[in-house]
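Here's the structure we're looking at; comments come further down.
The values are calculated or read from the model by the stated rules, or taken from the named source; none is laboratory data. Keep in mind it's a predicted model, so treat the numbers as computed, not measured. Cβ atoms come from the backbone with ideal geometry, glycine included; neighbour counts cover every protein chain shown. Protein only, heavy atoms only, side chains kept; ligands, DNA and RNA dropped before computing areas. Shrake-Rupley method; radii C 1.70, N 1.55, O 1.52, S 1.80 Å.
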Amino acid sequence: MPNSRIRPRERDAIIQALRAGVVPKVGLRHIQVGRTGEIEELIRDIERIEDGGATIRFVVGEYGSGKTFFLNLVRLIALEKGMVCLSADVTPDRRLHATGGQARSLYAELTRNAATRTKSDGGAMASIVERFAMQAVNTAEANNQEPGEVIRENLAHLQELTGGYDFATVIGRYWEGFDTGNDDLKTAALRWLRAEYSTRTDARMALGVRTIVDDASFYDHLKLLALFVRQAGYSGLVVSLDELVNLYKLSSSRARQSNYEQILRILNDVLQGTARNLGFMLGGTPEFLMDTRRGLYSYEALQTRLAENTFARDGLVDLSGPVVRLANLTPEDMFILLSNIRRVMQTDDSALPDEAITAFMSHCSQRIGDAYFRTPRNTVTAFVNLLSILAQNPDVDWQSLVGSVDIVQDQSDDLEINPSDETDDELASFRL
């Protein structure tokens, strides 16, 4: 049966992403299954951010279990709720704390990917600032004031915060460029907001400010940005960071410790109610969380705050804590997922019968056991490839193909250690 509800652009994006083994950024609602409790809990987090609170969640799951899919789905929900969303992958060169520009690089990546409901693909920083400016213009006209005066009044409370004075100055300079048609000034202001200035000298020459967004001010500027987007009329700011396992893989214990201290600072701010209109979603593997030698549990203060509820056992769950452990998909969930993919891909009446999906799942189970629904990435990719062959070769019978599908268990490289430009830890410097 044709599925007219899926737009061709969404359909193509879903198919291409699934074939490549990555998560599509659009159309997730067409293939989402399971994990209802976890999604409902994150929706409550979004409502808490909108009410002026702050949240932090560690989304933990095995490699290939759907962490990125889950983070993207919650991100899309946040956009629909009127949030501004920043998203990025943590890498050895983009991390939460550093002294060589890596934290500034992460901030730059986050702001480049800034998204709103109308600009869901990113690049929304300019429209966010312009929305704030236009609101100031409307207020000025209603109160017979100058727009610049209204902007200064609206940003006055930010000047009391760390980095807030120069932040407010840069917003004012953007308005000046907007009002006078000076595109160079607008571009310079956006560059500063996106942490693209690497030296204070360049920023002072372009904008007259004495500071930049650097490694030391990474988190402070996220808090400033959360208050600013709220004042611009958005519901709040959601920061989504995936692949935090790359912190676990850093070879330098000093670098890991510093990043974990930054996470602890964010966690404390959220739990103590210091941050406002700000939410964090951090995606990682169980090793990143629970390894007592290299993971978050190696830092005692984090282990204490992130420990599981001791009553959550024997089938009992507690989703209210900072850690959200993604439950495995059941075989029934996997069947629905593959059915949804079939619905997306097949636009004519020759849909693959349900018995073919059952046979495909049985084949996967025989090849790799229950991993086919616990870490479904490779299973989904193989199924998409099967449907593609059937679509392009209508004379081929699905029964002749299912048994020949080659599928392997998803493997991770989580234990590979990344080289670091800092001193290695553990026994690297040990000498007899």
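For the chain, the longest piece that avoids every one of the chymotrypsin sites (Phe, Trp or Tyr not before Pro) found in DSSP loops with at most 15 other C-beta atoms within 10 Å covers 1-310.
Taking trypsin sites (Lys or Arg not before Pro) in DSSP loop states with no more than 15 other Cβ atoms inside 10 Å as exposed sites, the chain has its longest site-free stretch at 6-209. Computed over protein heavy atoms with a 1.4 Å probe, the carbon and sulfur contribution to the accessible area of the stretch 1-80 reaches 50%.
Between 133, 206, 115, the GNM of the chain built on Cα springs shorter than 10 angstrom shows 206 fluctuating the most. About its Cα centre, the stretch 158-238 has a charge dipole of approximately 100 debye under the convention of +1 per Lys or Arg Cβ and -1 per Asp or Glu Cβ, with nothing else charged. Computed from Cα atoms, the angle from the helix 253-272 axis to the main principal axis of the chain rounds to 80 degrees. Taken about its Cα centre, the chain carries a charge dipole of about 440 debye when Lys and Arg each add +1 at the Cβ and Asp and Glu each add -1 at the Cβ.
Under a GNM of the chain (C-alpha, springs under 10 Å), which listed residue has the highest mean-square fluctuation: 150, 239, 323? With Cα springs under 10 Å in the chain, the top fluctuation among 150, 239, 323 is at 150. Gaussian network model of the chain, Cα springs within a sub-10 Å range: biggest mean-square fluctuation belongs to which of 352, 250, 106? Its mean-square fluctuation being the largest, the pick is 352. Determine the per residue accessible area of the chain with all protein chains present and a 1.4 angstrom probe, expressed in square angstrom. Dividing the accessible area of the chain by its residue count gives 47 Å². Comparing 92, 118, 63 along the charge dipole axis of the chain, the residue lying farthest to the positive side is 118, per the Cβ-charge model.
Calculate how steeply helix 218-231 sits against the longest principal axis of the alpha-carbon atoms of the chain, using the helix alpha-carbon long axis, and give the answer as 0 to 90 degrees to the nearest 10. Here the helix axis deviates by roughly 80 degrees.
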